[in-house]
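To start, the structure itself, in structure tokens.
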Amino acid sequence: MNIKIQTLIDQWIAASNAFDIEKYLEFYLPEAILDDPSVGKTFNGHEGIKEYFYHYFIGYNTHTKQVGLRITDEENAHLEVEFTGDFPEGKIGGTFDFNFKNGKIALAKADLIH
């Protein structure tokens, strides 16, 4: 297992669960893209990702728990998570497919598991 990616994911989840928007954004390249087909939208750069975080994480009091992580190479990983929060389901599964560049997230594709 790539310890560097595992550590980055652990810290990214911790920042998310603490609702620390500044720390959360530090994990992304300034031009990063977050694509979330489950909400039907792509979020571009730090401003777009900030909007996503405020709306779907802070707004729903969403907490993330890692369920599984598959690191495919030095730049790509697939993360399975469980989300809990103030949304109708209360608990739901999700995934993130990451592409990393220079130790930061360049692309994240998020989706919910129904």
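The values are calculated or read from the model by the stated rules, or taken from the named source; none is laboratory data. Since the model is a prediction, treat every value here as computed from it, not as a measurement. As a convention, Cβ positions derive from the backbone with ideal geometry for all residues, glycine included, and neighbour counts pool all protein chains shown.
The number of residues in segment 76-114 being of a type in the set (Asp, Glu) and either more than 25 Å from residue 30 (Cβ to Cβ) or exposed (fewer than 13 other Cβ atoms within 10 Å of the Cβ) (or both) comes to 4.
When residue 105 is tested against (1) in a loop (DSSP other than H, G, I, E, B); (2) touching a strand residue (DSSP E or B) at 6+ places or on another chain (Cβ under 6 Å), only condition (1) is not met. For segment 1-25, the tally of residues that are surrounded by 13 or more Cβ atoms within 10 Å (Cβ to Cβ) and either in contact with a helix residue (DSSP H, G or I) (Cβ under 7 Å, 6 or more places away or on another chain) or touching a residue at least 12 places away in the same chain (Cβ under 8 Å) (or both) stands at 16. Considering only residues in segment 37-75 that are loosely packed, with under 14 Cβ neighbours inside 10 Å and in contact (Cβ under 8 Å) with a residue 60 or more places away in the chain, the one that is nearest to residue 20 (Cα to Cα) turns out to be 37. Among residues of segment 88-114 that are within 16 Å of residue 70 (Cα to Cα) and at pLDDT 95 or above, those with a beta-carbon under 9 Å from a residue that is of a type in the set (Lys, Arg) and surrounded by 13 or more Cβ atoms within 10 Å (Cβ to Cβ) at least six positions away or on a different chain give the pairs 95/109; 96/109; 97/109; 98/109; 99/109. Looking at segment 1-92, the strands (runs of 3 or more DSSP E) lying wholly inside it that each contain 1 or more residues that are in contact with a Ser or Thr (Cβ under 9 Å, 6 or more places away or on another chain) sit at 28-36, 63-73, 76-84.
Could you pull out the residue among 59, 40 that is under 14 Å from residue 87 (Cβ atoms) and small (Gly, Ala, Ser)? Break it down into steps so the answer makes sense when it comes.
Working: 40 fails: under 14 Å from residue 87 (Cβ atoms).
Answer to the check: 59.
Only one of (1) at pLDDT 95 or above; (2) closer than 18 Å to residue 80 by Cβ; (3) not small (Gly, Ala, Ser) fails for residue 1. Which number is that? Residue 1 satisfies all of (1) at pLDDT 95 or above; (2) closer than 18 Å to residue 80 by Cβ; (3) not small (Gly, Ala, Ser) except (1).
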